[in-house]
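The values are calculated or read from the model by the stated rules, or taken from the named source; none is laboratory data. Given the structure is predicted, the values throughout are model-derived calculations rather than measurements. Every residue, glycine among them, receives a Cβ derived from its backbone with ideal geometry; neighbour counts consider all protein chains shown.
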Amino acid sequence: MAITRDKKQALVAQMNTAFTDAKAVAFARYAGLTVANVQELRKNAREAGVTIVVIKNRLVRVAMGEIKTYKDTDTSALEGQLLYAFSNEDEVAAAKVLNDFAKTHPSLQLAGGFSNEGAFLAEDDVKALAGLASKEQLIAEVVAQLLSPVHDVTNALSGNLHALLDGVEAKAAA
């Protein structure tokens, strides 16, 4: 059954909002996945704060054409059965969810993505993005690096205090 014009306009408006709010978008070919597999992917994505959408590529092109940021973006890769992953919180999450799912389900193949600046990301770029640590992990690593000199000084001072106390204790015992 064909989709009515009103329904198409509503879907395009939904895609406009999704693209505008997203920090990153990744898309993948899903031919060969079962409905249960797609439901599992959506569940995993929901847990990671990612939204999965299956929509006609033509409607995505129309939606992107209406957004200033994506107006001149290359959309030639939008061919075949694609599903789109939108991440509003983390630039890495959408690519990571699709890449992790593709490891256990070879029918899902990463095809590309879009940055929030409107740049097209090739398949290799999306895979590289998926290999990065999450935003929280990177922040934790930076904080640990910043605190390491403080820990070193604390450890050195506590070591000297222990040596002093051991010396005083030995002297008192003698």
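For the reader, a short list of remarks on this structure follows.
- Only listed residue being crowded, with 19+ Cβ neighbours inside 10 Å, touching a His at 6+ places or on another chain (Cβ under 9 Å) and of a type outside the set (Ser, Thr, Tyr), chosen from 41, 83: 41
- In the range 86-113, of all residues being among the hydroxyl-bearing types (Ser, Thr, Tyr) and farther than 17 Å from residue 49 by Cα, the one that is surrounded by the fewest Cβ atoms within 10 Å (Cβ to Cβ) corresponds to 104.
- Scanning the range 25-41 for residues that are not in a strand (DSSP E or B) and not hydroxyl-bearing (Ser, Thr, Tyr) gives 31, 32, 33, 35, 36, 37, 38, 39, 40, 41.
- Selection from the range 114-136 of residues that are among the small types (Gly, Ala, Ser) and either at negative phi or exposed (fewer than 14 other Cβ atoms within 10 Å of the Cβ) (or both): 115, 119, 122, 128, 130, 131, 133, 134
- Residue list for the range 48-70, restricted to those being part of a strand (DSSP E or B) and either at positive phi or touching a Leu at 6+ places or on another chain (Cβ under 9 Å) (or both): 50, 52, 53, 54
Residue by residue, here is whether (1) part of a helix (DSSP H, G or I); (2) in contact (Cβ under 8 Å) with a residue 40 or more places away in the chain; (3) in contact with a Gly (Cβ under 6 Å, 6 or more places away or on another chain) holds:
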{"site": "72", "(1), (2), (3)": "no, yes, no"}
{"site": "76", "(1), (2), (3)": "no, no, no"}
{"site": "85", "(1), (2), (3)": "no, yes, no"}
{"site": "89", "(1), (2), (3)": "no, yes, yes"}
{"site": "98", "(1), (2), (3)": "yes, yes, no"}
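- Which listed residue is surrounded by 13 or more Cβ atoms within 10 Å (Cβ to Cβ), in contact with a helix residue (DSSP H, G or I) (Cβ under 6 Å, 6 or more places away or on another chain), of a type outside the set (S, T, N, Q) and over 22 Å from residue 128 (Cα atoms), from 50, 62: 62
- Filter result for the condition that a residue is more than 20 Å from residue 121 (Cβ to Cβ) and at pLDDT 90 or above, over 59, 41: 59
- The set of residues in the range 62-87 that are at pLDDT 90 or above and among the polar types (S, T, N, Q) comprises 81, 87.
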